Structures are given as C-alpha cells and as structure tokens.
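The structure appears below as structure tokens.
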C-alpha cells in the first residue's frame, strides 16, 4: 500500500515550508517533497567557492510577515536578521552620491543637496506609503477580496486617488508628481522595476513599488535587511519549525506528476516511481509548471490551460554573485568599509537610465548599462566569508528570458564584463578585489527552480495579476479546478517575494477543507 498523508506539499521553498508548518501545527499529517538536495527554493545559501557562502537567488530579507515569524517561533529555530541602514546608497557620475536612511529627517538632509523642495516633500511621501501599507498589510494573510470590497476599507475621500495611484499609474508618473530631482526619482523607482519586465513609466509599476514597501525588519516598517547565514538561514529556520510541529521534509525527491482520480488529486508520484497518497496536494510551483507540467493534459479544460499559458512570466533579471578580497572603494564615498557598504548600493543615476536599460532587453539584449541593486552580506555577517574577505550579491536588470542570436551560457563572460565595467565607473578598484564570480541567468533560474521564464515572482505582480486576478480570475482562493489540489506558492495571492503569505493562506484553506478544526490564523 502506498504511504498516505493528509497533505503533500510539492516544493520546500519558503512558502512550502510555511505551509507545511501551519498544516502540521493544525493537526494534518504533512509531507514536503523537494527536488533539490537542500531546502529553500530561491531562499538558499550555497558555497560556490570554499569559505564563501552566497545567497544564490533571493538576497534580501524583510517581506516575511511578522505574524508568521511569531506563529512559527522562527527566532527559536535560528532566524535572525540585520537591518539595512542606510537603506540605499546611490553613487552618481563624478563624485556625487545620494544616501537614503531609515530616518526620514536624515534622508531629507541628503535630498536637500539636490532639491530643497524635494527635501520638504520626502517626509510627506514617506507618510503616504505608511498609510498605504496600513491598508494593504492586513490583506496579506487572508484570501484576496474583490476590488469593490477592498475599496470599502478605504476612507471615501481617498478611494479615487488610491485606485489611480496603485492600479492605474506608472511609478514615473507618481514620482514626477512628488519630486523634481532626477537623481531622487531614479533612486526611488528601483522598487517599481525590480523583478518586472517593464520600464518605470509603464502603467502598473506603481503597484510594484507598493509591494516592495511591505518590508518590516526588527519592527521597522518599510525596511529591508539580511538574514544571518544568508537567505538559507530563513529556510533552515522554517524547516526546523515545520519539523518541530510534526511535518516530514524529504529532499532529492522530485515529483513527476500529480495523481488524479475522478477529478480529484489523490497524491503524487515521484521521479523514482514512488506513489504517495494524500487527501490534499499543495503545489508551490508556479501555475504553469503545476497545471501544464504535473497534470495530464486531459485533466483540465482546454480553455483553462490556455489562460494559464497566458500568465505573464517573462524574466527580467539575473544575479551576479562574487567572492571579494576586499570591498569596492566608491569614488563618491572613499574608504572601506563605510556606512554605505551597510545598505543597498544602487546603480541608477536617473529614470532615463532604467528606460534605456529596458529598451536593450526589449530587443533581446542584456542591458549594455544595467541597473544594479548590490548588497555586501559579509559587512553585517562574519559567517559568510573568510576573515578579511567579502561577498557581493548583485541583482541586475534587464535580462530577458531569451537572448537574440546567442544563449545565456555563451553570453555569461560578456555579461560579467558588462557588470564589472558598470561598477568600475563608480568604484575603480572593483576588478582588483573580485576573486570569483558567477552569473545566474533567467535560464538558470527556470531550470534550477522551475520558475517559468526565470520570473522571480512566479508571474508579474502588476495590477492585472494580483489580488483576485492571481493566478487567474475565478481561481484566487488557493483551490484549483482539480479537487484537493491547491496553489501554495508565489503564483497565488499576495504574490512574489519572501512573504510566506501564500503558504500560510493555502494552509488555512487546506485545513478548512480537511476539517481539522484547528485552522484559525495564528493557531
């Protein structure tokens, strides 16, 4: 007889582990199956070079919901974060720079170097996002509600402006309304384009900006940080929590297909031919891989399959990771280490720079002058590099899923040179300190993690693919057309990033359907 569980979770990424922990905590006998030899999915720390521990894919913490951290007792299991402050350092041509801090007054003093008007506007802009996040945050750890119901919680005099700002406008339009400094607008538009194959003046990017304001590190709202030990530290804490509550986690266990009988998921079959029976199957793979890859074609209606195929999941970014013999010395802020090495270092002098980078990718090229979001984990965390050495993690755009006239493997040496040349414009010593490097392309992301197109969010998080539109209109409640099959990953509400919310919300739905009686939030 095949082994039987109440729930089988496909994928031990952060959402899979969150779902498993809540399921086990709620009384469900739960098994997690992970294709790789380590847990975490995109939330992993690996050692590509002896002594250097790199967050290969995801590289910054902050979105994991505080409620989940508390419910799953993650600090007890090794979860620890470092606040990034300054939030952002932007080196500019020549010897200028812009530094933004978690303290609005301190940031305003920096901004005054470029515009006294913008310095006065910045605290109001920050407060605007505080109010928006106060509206959005309570909606994350529950199934999405239709837009009319969502707007019922918004003060009547703010409904029109909120809909316009978040759902209809571009980040560029919004920032142009608030500020005049091109340098400041360039810095602030970064959150609107990260992970998204759109320029900052594309409608919908204002919501992407809002999504990245959801960070909360050590009680600091709208903030970002790093996890001790790299992002894999989060995954390891989640695994220990899930196993503490009774879940079983297996690695090197790739699921070949979801077993369906009479229109209902009844278990899974692994690549080795093992069949595992379950009353519920939760997939943390994206919608395309779940519905088109793990189910027989005759299980779903052709019209549903077509809608799944139409989900926008184009890759936009790559990771450039490096081992360093020392830190880059920025012309605009000489000296190492400096305060600026403790936050994000962003290369984006203005919004036009991002538009030009996007245009290259639109024509199938890696950006000749890419936007970069850089972090030095080792400055905060001495566990990730040998004494005196450092790690550098660069999130780089734009990188289209497919390149015109070449392949990603063939292009990697040229891509690495472009990245280093770009950094060298601002930190002339970069080539002297780089010891080893790796390029993780959209093709690598898809082949390793199963993210269609290398899209880091398992589908764009633009307004037409969020809330009740995620993954598809009519199927936003984690349940699917196949009874007993659920989506528990970033393809479901509230979307991508290391939120953990999709795993939590799917577990609530599964426990409700299993009738365990212990499925309330925070149980």
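Nearest 0.05, what FRET efficiency do residue 112 and residue 352 give at R0 = 22 Å with Cβ-Cβ as r? Write out the running numbers ahead of the final one.
Numbers: r = 23 Å, r/R0 = 1.04.
E(calc), rounded to 0.05, equals 0.45.
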Pseudo-spin-label distance residue 272 to residue 151, built 7 Å along Cα→Cβ, given in nm, is 5.4 nm
1/(1 + (r/R0)^6) with r = Cβ-Cβ of residue 303 and residue 96, R0 = 45 Å, i.e. FRET efficiency to nearest 0.05, evaluates to 0.25
In degrees rounded to 10, the 0-90 angle between helix 116-136 Cα long axis and the longest Cα principal axis of the chain is 10 degrees
On each of the three principal axes the extent of the alpha-carbon atoms of segment 103-170, given in whole Å and largest first, is 44, 24, 20
Longest principal axis of the chain (C-alpha) makes with the long axis of helix 351-362 (C-alpha) an angle, in degrees to the nearest 10, of 50 degrees
Stokes-Einstein D for segment 1-153 (37 °C, 0.692 mPa s, Kirkwood Rh from Cα pairs), in µm²/s, comes to 165 µm²/s
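With n ≥ 4 as the cut-off for DSSP H runs, can you work out [θ] at 222 nm for the chain, using -39500 (n - 2.57) per run divided by the number of residues, rounded to the nearest 500?
On the way: 18 runs with 164 residues, N = 523.
It comes out at -9000 deg cm²/dmol, rounded to the nearest 500.
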So the angle from the long Cα axis of helix 232-244 to the longest Cα principal axis of the chain, reported in degrees to the nearest 10, equals 30 degrees
Pseudo-spin-label distance residue 473 to residue 254, built 7 Å along Cα→Cβ, given in nm, is 3.7 nm
PRE zone check, label point 7 Å out along Cα-to-Cβ of residue 404, amide N under 17 Å, scope segment 347-371, hits 356-369
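Of the DSSP beta bridges with both residues in the chain, give the percent that are antiparallel, rounding to the nearest 5.
Values: 46 of 67 bridges.
Within the chain, antiparallel bridges account for around 70 percent of the total.
Taking the mean number of other Cβ atoms within 10 Å as a proxy for protection, how do you rank 138-147, 281-290 from highest to lowest?
Values: 138-147: 16.1, 281-290: 28.0.
The packing order, highest mean first, is 281-290, 138-147.
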With segment 78-231 reduced to its Cα atoms and the Debye formula applied, log10 I(q)/I(0) at q = 0.11, 0.18, 0.19 1/Å amounts to -0.48, -1.23, -1.34
Stretched fully, the stretch from residue 264 through residue 310 gains (0.36 nm per residue minus C-alpha distance, one decimal, in nm) 14.1 nm
Gyration tensor on Cα atoms of segment 35-115, a ≥ b ≥ c root eigenvalues, a/c under 1.5 rounded, else prolate if a/b beats b/c, else oblate, says oblate
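Where a number appears in this text, it was derived from the coordinates with a stated rule and is not lab data. Remember, it's a predicted structure, so these values are computed and weren't measured experimentally. With ideal geometry, Cβ positions are generated from the backbone for all residues, glycine too; neighbour counts draw on all protein chains shown.
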